[in-house]
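Have a look at the structure below before the remarks.
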Amino acid sequence: MKALSESQQRSFRSTVYVIEEKLRDMEATVTYAKANQQPGELLTLEYDLNEDEFQSFQNTAAEIRKVLRDIVKTYGLEGESVSLKHLLTTKASFIWEDVTGAPFDRLKGHGEIDESLRKRYENLFKQLEILTDKLI
């Protein structure tokens with residue numbers, strides 16, 4: 001078999017990386033939902049998998065991981081270590097962008113605004129910004 005070029009290998013590696021990352025997120029979400037049945041602030045994850053569905057998910061995730069290992073081995077893709085601190089900082093940066101990108105005046109695009117709500121809104125979002133900065 002002809003080897004992949006460096007550019008092809010980078011592209012292939014990126015695809016495998018994204019698949020692995022999304023699978024990890026799915027697994028973490030299932031684990032979180034199963035362990036935390038309390039309502040969230042705005043979003044409540046309803047753990048509605050029966051035992052057969054849970055086992056099927058676990059088995060399929062394991063099969064996907066096996067195929068990913070085979071791809072890595074077959075095409076000689078090199079793995080990497082990612083710092084948890086770096087990953088958390090990156091994700092916190094996305095939250096920060098959402099928080100700072102939500103000024104009160106943006107609500108004007110959705111109709112007339114009651115200005116008496118401005119101060120509380122801005123204080124709450126300032127709190128979120130300060131707390132998010134701590135994560136970064």
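What to note about this one:
- Single unsatisfied condition, Val99 versus (1) in the same structural domain as Leu128 (by TED's automatic domain parsing); (2) loosely packed, with under 13 Cβ neighbours inside 10 Å; (3) of a type outside the set (S, T, N, Q): (2)
- One residue stands out in the stretch 84-117 among those that are under 27 Å from Val18 (Cα atoms) and small (Gly, Ala, Ser): the one that is nearest to the chain's Cα centre (by Cα), namely Ala92.
- Long-range neighbours under 7 Å by Cβ, at least six apart or interchain, first residue not assigned by TED's automatic domain parsing to the domain that holds Gln8 within the stretch 74-96, second part of a loop (DSSP other than H, G, I, E, B): Thr89/Ile136; Ala92/Ile136; Ser93/Ile136; Trp96/Ile136
- The residue that is nearest to Lys73 (Cα to Cα), counting only those in the stretch 9-33 that are among the charged types (D, E, K, R) and within 18 Å of the chain's Cα centre (by Cα), is Glu20.
The values are calculated or read from the model by the stated rules, or taken from the named source; none is laboratory data. Just so we're clear, the structure is a prediction, and the values are computed from it rather than from any experiment. Neighbour counts run over all protein chains shown; Cβ positions are idealised from the backbone, glycine included.
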